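Please read the structure below before turning to the comments.
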Amino acid sequence: MKKIFLSGILLFSYHVTSAQDASFKEDVSKLVEITVDTKDMSLMRRALSVRLNAKEKENFNKDYDVIVSEFTSDIEEYYMDKYTHDEIQQLLAFYKTPVGKKFLSDKRLLVENDFPDEYPLGIEIYKMKKKEKEKKEE
């Protein structure tokens, strides 16, 4: 009976922890949506693929989406490593305030240190573009 009771407690704890982890991940995803300018990334995708034919554009867009997804995953991982769930919730609340909205509009000037760098993203996109150009020349 004791084993069944302990197993039940462990199982309950696992479910509670899993639900908390899912909620934390969901909040982190919301924070990434707020803090990463996906509109710029979308415009860049369109600009870089404008001269490609349909098949090249399809391949480029798939590769581009993978790279951007990896980039946003890195940012989510950064937030989950550096902040608690409570801190993420406080940041979400902050970004709803006038000061938070102002910060977001100026964030490019403010973000530095060990925040995931956009440079590798640019390099990967450059490599993709170069690869597509080489295919055209063949």
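May I ask which of LYS57/LYS131; LYS55/LYS131; LYS82/LYS129; LYS57/LYS130; LYS57/LYS101 have a Cα-Cα span longer than 24 Å here?
Working: LYS57/LYS131 12 Å; LYS55/LYS131 14 Å; LYS82/LYS129 34 Å; LYS57/LYS130 13 Å; LYS57/LYS101 35 Å.
Beyond 24 Å between Cα atoms: LYS82/LYS129; LYS57/LYS101.
Might you work out the accessible area of ILE67 for me, using a 1.4 Å probe with all protein chains in place, and round it to the nearest 10 Å²?
So the heavy atoms of ILE67 present about 20 Å² to solvent.
With a 1.4 Å probe and all protein chains kept in place, how much accessible area does TYR119 have, in Å² rounded to the nearest 10?
150
The values are calculated or read from the model by the stated rules, or taken from the named source; none is laboratory data. If you're wondering where the values come from, they're calculated on a predicted model, not measured in any experiment. Ligands, DNA and RNA are excluded from the accessible area calculation, which covers all protein heavy atoms including side chains. Shrake-Rupley method; radii C 1.70, N 1.55, O 1.52, S 1.80 Å.
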